Amino acid sequence: MSDDTNATQSELAMDERGYELDRKNVAAILYAVDVDDRDKLTELMEPLHAADIADLLEQVNAFDRARLIRLYGREFDGEILSELDESLREEVIGVLSPQVLADAVRDLDSDDVVDLVEDLDEPQQEAILEALEDSDRAAVEQALSYPEFSAGRLMQREVVMAPEHWTVGEAIDYLRGSDHLPEQFYHIVLVDPRLHPVGNVTLGRLMGSAREVKLTSLIEDVFQLIPVTQDEGDVAYAFNQYHLISAPVVDEEGRLVGVITIDDAMAVLDEEHEEDILRLAGVGEGSLSDKVMDTTKRRFPWLAVNLVTSILASLVIAQFDQIITQFVALAVLMPIVASMGGNAGTQSLTVAVRAIATKDLTGSNVWRVIRREVLVGLLNGLIFAVVMGVVGLIWFGSPLLGYVIAVAMVVNLVVAGLAGTVIPVGLEKLGVDPALASGAFVTTVTDVVGFFAFLGLASVMLL
């Protein structure tokens, strides 16, 4: 391998590690806090992005976190609060002085302020709202009046709009003369006299067109209106499905009230993915910053459900205690059947839950998907049936035992594929989050069916 290649790989490795907080830098920051050196702390924190500072605050303990925030003082940026894990925001806001908090939140867009205050207790909500100017406070309070997890909570009120009869030159003159443009925006929303959005014009097309060109001739082909009460999960789906960069939000009368940008929509999509993963694992919503008791309370109910389902499987085993006593090999092989069924069921379940979340699994294709998963289970079952049949024969010298575990394997993997798809679809139809409840049901089905098929066949064929 050439030296140039080695150098390139080294640079790539450094790039990959560069997104993590540098340990030496973290140690230097904590040392500056220990010696109360504010100038050094400011110097070390200056190059860091708000998201990196948020990560730093999440990784240090509560004592160091409070000392760092107090020493950092007026340098504290509102973007840090936006990037901070929700479980720590309340604690951090409690440490900030009223003046620092006021300065931090004033420069935030309205959607960031709403995201910041909606999960806080009332006293801290009021502390942030009091720091805002009257117009900004009214915008935030209006957003908070919309249902939780709705487009109204997600949107920002700062919108760049123009009358539909304007030309490119008029729009550019307006933008140059305006003192209240959002820090980031991607479209100009064209509206009719009643403030009904009629189209979007990208900044790229605006700047690349002659001044006399009508804005209506530059309207994008894809134009999606978002109702203010629409669920934020559906908003994120629309952005992902139609490749949107921003979309206007309208009230019940169809009037423009705000805009949602791609960064907020993708944040929702990321949260939905993370939530599904955590719920499939039975740990609910949480983070590494949560307290021990909070985490324990969140996980306990699903561990309790798992205990009940395990007892149910044990009751099935108990019905065959006599044959297990006579054939100890059954006790050795039982976990294999149950484990294979559980893993196969989890595979089908994960695919189904994800497909439901992305709206790929619908009533029009559900039976085709179920049929596919059952056939996959059947084929995998036949393959592993041959493997386990040979293992049973060689290990225990019993052709019948090999046949029993082979048939049980086929039955359980077919049932696993069926249950892994049907159960989440059924729960979704009943209005229950399939990511939250499917795992326990699928595991129960595969355990019970696996044990019953294996021990039942053994009772018939070996006795």
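The values are calculated or read from the model by the stated rules, or taken from the named source; none is laboratory data. Values in this document were obtained by computation on a predicted structure and should not be read as measured data. Cβ: placed from backbone, ideal geometry, glycine included. Neighbour counts: every protein chain shown.
Take Gly417 and decide whether it is in a helix (DSSP H, G or I) and either farther than 28 Å from Val235 by Cα or in the same structural domain as Phe327 (by TED's automatic domain parsing) (or both). For Gly417, the condition - in a helix (DSSP H, G or I) and either farther than 28 Å from Val235 by Cα or in the same structural domain as Phe327 (by TED's automatic domain parsing) (or both) - is met. Among the residues making up the range 105-121, those that are acidic (Asp, Glu) and either crowded, with 17+ Cβ neighbours inside 10 Å or modelled with pLDDT of 80 or more (or both) are Asp109, Asp111, Asp112, Asp115, Glu118.
For every residue, the table says whether it meets (1) in contact with a helix residue (DSSP H, G or I) (Cβ under 8 Å, 6 or more places away or on another chain); (2) assigned by TED's automatic domain parsing to the domain that holds Asp270; (3) of a type in the set (D, E, K, R).
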{"site": "Leu48", "(1), (2), (3)": "yes, no, no"}
{"site": "Asp64", "(1), (2), (3)": "yes, no, yes"}
{"site": "Ser82", "(1), (2), (3)": "yes, no, no"}
{"site": "Val100", "(1), (2), (3)": "yes, no, no"}
{"site": "Val113", "(1), (2), (3)": "yes, no, no"}
{"site": "Asp119", "(1), (2), (3)": "yes, no, yes"}
{"site": "Gln124", "(1), (2), (3)": "yes, no, no"}
{"site": "Ser135", "(1), (2), (3)": "no, no, no"}
{"site": "Ala138", "(1), (2), (3)": "no, no, no"}
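Scanning the range 229-257 for residues that are buried (at least 22 other Cβ atoms within 10 Å of the Cβ), closer than 12 Å to Ser150 by Cβ and touching a Ser or Thr at 6+ places or on another chain (Cβ under 8 Å) gives a single hit, Glu232. Selection of the range 205-221 for residues being surrounded by 11 or more Cβ atoms within 10 Å (Cβ to Cβ) and under 34 Å from the mean Cα position of the chain (by Cα) yields Arg205, Ile219, Glu220.
Yes or no, residue by residue, for (1) over 29 Å from the mean Cα position of the chain (by Cα); (2) modelled with pLDDT under 80:
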{"residue": "Val283", "(1), (2)": "no, yes"}
{"residue": "Ser287", "(1), (2)": "no, yes"}
{"residue": "Arg298", "(1), (2)": "no, yes"}
{"residue": "Ala304", "(1), (2)": "no, no"}
{"residue": "Val316", "(1), (2)": "yes, no"}
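Within the range 257-271, identify whether any single residue is out of contact with any helix residue (DSSP H, G or I) (no Cβ under 6 Å at 6 or more places or on another chain), assigned to a helix (DSSP H, G or I) and at pLDDT below 75, and answer yes or no. No: zero hits.
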